[in-house]
Structures are given as structure tokens and as C-alpha cells.
Amino acid sequence: MASKAISPPPLTASCSSAKTQFFTKKTVLLSSSSCSKILGGSRLASIRIKKRTLSSGRGFGVVKCMASAAPSVLPKALLFDCDGVLVDTEKDGHRISFNETFAEKELGVTWDVDLYGELLKIGGGKERMTAYFNKAGWPDKAPKSDEERKEFVASLHKRKTELFMALIEKKLLPLRPGVAKLIDQALGNGVNVAVCSTSNEKAVSAVVSFLLGPERAEKIQIFAGDVVPRKKPDPAIYLLAAETLGVEPSSCVVVEDSAIGLAAAKAAGMTCIVTKSGYTGDEDFVNADAVFDCIGDPPEERFDLAFCGSLLEKQYVS
């Protein structure tokens, strides 16, 4: 099958209108209407393409559909990344807050949109700043010793978090479509819900409390920041969440938006759905169990809790 270019979704609160996505290696997602025709009315389906080689050297695809109709099991836990999954925060949230912090401290540093996109390949804000300063040169106002620089970066990150939380408290950044719906479905069915993020715990808590509301927030566990020594793509945070919640990693479904988050989830032995965000549209998600532009609310819903359960069941039909 010839591959088709995929454009990253816009940084808005609505989903992209394009629902059909094609990949040359593994996962293909059809629109709900296309899958309905294939499955005789089932609402959503994930399509896997398996390559076979002919004697001529050309491959052909064998298509199998997996419907999201009433699975017999549901995930024991639904684990969300925060930035880019709950809210598309990076470009107009964290990046702005970093730059305001740099300006306040008169460091002469500005991270533009493209640069920040590259820096996002590094998990964690403090780690991101440290890597940038090590490569580009430390500001004149930065201390000289490694220990003092560590404290300097920590102070910058603390101030950046305060500025970011102010944006969230003012509700200037909306939840992504379908997030509240999927969380409500999970909580309503007794499924554990947690947020697992490399971001500062206070920032993640602010997103959950102010944007999801206090009633949901009190039922959602948060694993964030320096709660683990190694950040994504290391699986430590997802393994910690499973252990704390008392569930097997294989019974968890993760919703991520980035390649490093996907790598962390798969290394933890978990099923992972990717909902691409503004910065991650061109990343490699070949190992994902499903890929969408967003979760989506009706009538533009992409998937629901039943679909998450069907991924665990591995129910395929020809």
C-alpha cells in the first residue's frame, strides 16, 4: 500500500477533520463510517496491515479489523500522559512559561517554536534546560559549579511552574476533545485512572484540578516529576503507577502523544494508544496499538473505553 502524508493536527480544542491515517508498516486507522461498512455496523475499528512478500519482491497487505463493540473485559487502569494528551500545553503553555522565566532572570535566552519541538525529545523540564545550556552555553548569570548549576536550574523550573500554573488556573488552555468523556467512562466503570507525566507534580495537579474539576481530581492518582529517578522513555513511571494501583502492567492501557511516551509505555509492557498533538504529528508511532488525532467527543468521537478494552482482548475478525 502506498503511504500517504499525515499532517499534524492544529493546535485547537477541536479534532482534525481527517480521520483516515495510513502507515506503511503496521497500524492503519479508518474513519468510523469506513469501519462500519466493513464490520456491519460496529462503530470503531483498528486496522492492522501485515506485509507479505511475493516472489517478485512486492508486498501486499492483509487487512484485519478489530471492533470496539462491548468487550468482555475492561482495562484495570487507564493511564494518561498530561502535556499533549490532556491539554495541548507545550507550544503555548510550557514554552511561553520557560521564556517568561528566562526574561525575568535576564538570561538572554528564548526558545522558539521549532527549537522547543526539538527539546521535547528530552523528558523533564529541568533535564531539558540542563541539556540546552550544556550544548548552547550557560548564561553569564549562571553559577560555575555543577552543584550550584543544579540548584540554579531547579530555581528556574520552580518559577516556570508558577507561571504555567497561572495559565492553567485562568483556564486559558482547554482540555483536548474527548478527555473528560473517556475519564468519566473509566471512573463510571470502576477503572483506575491516573496521570503519569515527566512534568512537575504541581503543574500536573493544577491541570487535573482546574480543568477536570475537583470531583474527578479526587479520584485520579498523579505520578509526576521526580517521583521516579529516570524519566520517559524509561518505563519507571508507568511501572510505579501499576505497582501503586495494584494492577498488572498487561492490564493497563496508556494514552500518550509522543514517541518517548510510547517507548516508556511499551517498555512497561502496556498497551498504548497515541493521540497525536501539535508537536508530535510527524513522530514514529509504528509500535503503537492504535493512533488517532484525538480521543474526540460525539459526533466526532474517535474511540471510547470499550475500544480500549478490545485492544486488550486482541479480538480480530477478518
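The values are calculated or read from the model by the stated rules, or taken from the named source; none is laboratory data. Fair warning: this is a prediction, and the values are worked out from it, not measured in the lab. Quick note on the areas: whole protein, heavy atoms, side chains included, nothing else; ligands and nucleic acids left out. Shrake-Rupley method; radii C 1.70, N 1.55, O 1.52, S 1.80 Å.
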Inset, instruction - Can you work out the accessible area per residue across the stretch 90-170, with the rest of the protein chains kept in place, probe 1.4 Å, in square angstrom? - result: 54 Å²
Legend entry - Computed accessible area, Asp284, all protein chains, 1.4 angstrom probe, square angstrom: 110 Å²
Inset, instruction - Would you mind checking the pairs Lys170/Lys232; Lys121/Lys202; Lys171/Lys202; Lys91/Lys126; Lys76/Lys160; Lys170/Lys202 and listing those with alpha carbons more than 24 angstrom apart? - result: Lys170/Lys232; Lys76/Lys160
Inset, instruction - Determine the share of the stretch 90-170's accessible area contributed by carbon and sulfur atoms, expressed in whole percent, with a 1.4 angstrom probe. - result: 48 percent
Inset, instruction - Give the accessible area for Arg230 in Å² (nearest 10); use a 1.4 Å probe, count only protein heavy atoms, and leave out ligands, DNA and RNA. - result: 130 Å²
Inset, instruction - Any chance you could check the Cα centroid distance between the stretch 105-172 and the stretch 235-262 for me, in angstrom? - result: 27 Å
